[in-house]
Amino acid sequence: MPRKTVVSISKNSILAVLALLLGFASTAFKMADGKTFSWTNPMVISRHGIRDPAVMRWHHAYYLVFTMWTFSGRDAKALDRPHQGGSPGIRLYKSTDLKHWKPVAWLVKNSDLPRNCPYKDRFWAPHITRFAGKFYLTFTGDNWLKKKYNPAGDWGTAGWAFIGVANKITGPYKHITWIEGGTCDLNLLPTHHGKLYAIYPAYNIYEQQLDVRHLNRGIVRLVGPKKLIVRAHNPALCQSKYGKPHYLEGCWPMKIGTHYYSFFAITYSKAYKTGVLYANSPTGPWTIDPRGAIFWGGHLSVARGPAKHYWFCYRDEKFPRYWGYFCIDPMTFAHNGHIICGKPTLGLRTIRP
């Protein structure tokens, strides 16, 4: 997840920004389905901005979780502040149009957890995945009060990976358990063969099967071989004028049609971008898009949405004035399944026939 500072925007500033954006010219994209959809970037969901937006479509609606302000790590000087100086938890938002969002549930909340809970703090990079008829919530957390309260007996540099399960997308999520060996930004790729794979970063990005059969007993394991699927210093990622990436993170694996995709964030010194891997099987072999970075904005999610398009759902990283605010932009596919996309946009846009 990016580590940029977000400046809070006042109510008057928000109104001024929206008025400005509505004045932008409309851009049209030709579509085959005859439907028209308009949207305006950026969208204000939280006045402090968001990080790591994860959008899931379910039953004709969209559900969003994200890293909530405050985006801090553990700071002993801030432990007497609300939520120990960190995020208040994981809140679920719902939309019927991918534009207007309202909170519908707290999935995990700092103030509801006991002092010794191993995931009482941080709450970075939450994701929801549907697998085998259930919903799985993954996120990064730890306990900032005492080392011994943490699953590994210490504070994690970026926290520890946890997973919980629910029968409904709105929860309640139960049996929240540490994924030993997992990392911050771990995400899940389900298959039709009843297997679940974890895609997770550790400087490079790796894939490994995740066994959740005994999660109701607090047992979850990474099993089988740990496969390296892309290196941070892959030549395709070092073409950029920004030099070599510092590390990779922000995994978003998914299946679209007959192809598998694994989007990931590329952390450069002066930019935060997205790359993508392609495969014909959930276990690879994975090949990297030769362009390297395909979109300006990292740790995004992808959802099928209006106009029968797939949409990048991301936090603005390109336009400094709007850093941290939620945006969406469409993408399409080449004949070989590779991604075709434009640049991040501001203002009013329309997809129409």
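If the requirement is being within 20 Å of S269 (Cβ to Cβ) and modelled with pLDDT of 95 or more, which of these qualifies: R315, R349? Just a single option satisfies the conditions, and that option is R315. Residue count for the stretch 323-343 under the criterion of being surrounded by fewer than 21 Cβ atoms within 10 Å (Cβ to Cβ) and more than 26 Å from W286 (Cα to Cα): the result is 1. Of the residues screened, T170 is one that is outside any strand (DSSP E or B) and touching a residue at least 40 places away in the same chain (Cβ under 8 Å). When Y268, Y260 are checked against the criterion of being more than 18 Å from I163 (Cα to Cα), surrounded by 16 or more Cβ atoms within 10 Å (Cβ to Cβ) and either basic (K, R) or touching a residue at least 40 places away in the same chain (Cβ under 8 Å) (or both), a single residue qualifies: Y260.
Only a single criterion out of (1) more than 30 Å from G194 (Cα to Cα); (2) part of a strand (DSSP E or B) is not satisfied by I163, namely (1). Looking at F312, is it under 15 Å from the mean Cα position of the chain (by Cα) and either free of Cβ contacts under 8 Å to residues at least 40 places away in the same chain or farther than 21 Å from L248 by Cβ (or both)? Yes, satisfied. Looking at T177, T138, just one residue is in a strand (DSSP E or B), surrounded by 21 or more Cβ atoms within 10 Å (Cβ to Cβ) and over 15 Å from the mean Cα position of the chain (by Cα), and that residue is T177.
Residues of the stretch 108-117 that are crowded, with 19+ Cβ neighbours inside 10 Å and not in a strand (DSSP E or B): N110 alone.
Condition check ((1) more than 25 Å from P330 (Cα to Cα); (2) basic (K, R); (3) in contact with a helix residue (DSSP H, G or I) (Cβ under 8 Å, 6 or more places away or on another chain); (4) free of Cβ contacts under 8 Å to residues at least 40 places away in the same chain) across all residues:
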site: Y63; (1), (2), (3), (4): no, no, no, no
site: H83; (1), (2), (3), (4): yes, no, yes, yes
site: W101; (1), (2), (3), (4): no, no, no, no
site: P114; (1), (2), (3), (4): yes, no, no, yes
site: R130; (1), (2), (3), (4): no, yes, no, no
site: G156; (1), (2), (3), (4): yes, no, no, yes
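K11 is checked against (1) on the phi < 0 side of the Ramachandran plot; (2) out of contact with any Cys (no Cβ under 9 Å at 6 or more places or on another chain); (3) at pLDDT 50 or above; (4) surrounded by fewer than 21 Cβ atoms within 10 Å (Cβ to Cβ) and fails just one. What number does that condition carry? The number of the failed condition is (3).
The rows are residues; the columns are (1) modelled with pLDDT of 50 or more; (2) of a type in the set (K, R).
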position: K4; (1), (2): no, yes
position: L18; (1), (2): no, no
position: A25; (1), (2): no, no
position: D33; (1), (2): no, no
position: N41; (1), (2): yes, no
position: V44; (1), (2): yes, no
position: R51; (1), (2): yes, yes
position: A61; (1), (2): yes, no
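Within the stretch 118-134, restricting attention to residues that are outside any loop (DSSP other than H, G, I, E, B) and of a type in the set (K, R), which residue is farthest from D185 (Cα to Cα)? Quick ask: steps written out before the conclusion?
Restricting attention to the stretch 118-134, the residues satisfying the condition of being outside any loop (DSSP other than H, G, I, E, B) are 121-131, 134.
Filter once more, keeping what is of a type in the set (K, R): 122, 130, 134.
Values: R122: 13, R130: 17, K134: 21 Å.
In this case the residue turns out to be K134.
Restricting the stretch 54-73 to residues that are closer than 13 Å to R91 by Cα and in a loop (DSSP other than H, G, I, E, B) leaves a set whose member that is farthest from the chain's Cα centre (by Cα) is W69. Return yes or no: is P151 surrounded by 13 or more Cβ atoms within 10 Å (Cβ to Cβ), more than 24 Å from H214 (Cβ to Cβ) and not acidic (D, E)? Answer is no for this residue.
The values are calculated or read from the model by the stated rules, or taken from the named source; none is laboratory data. Predicted, not measured: the structure shown is a model, and the values here were computed from it. Methodologically, a virtual Cβ is constructed for each residue, glycine included, from the backbone with ideal geometry; neighbour enumeration extends over all protein chains shown.
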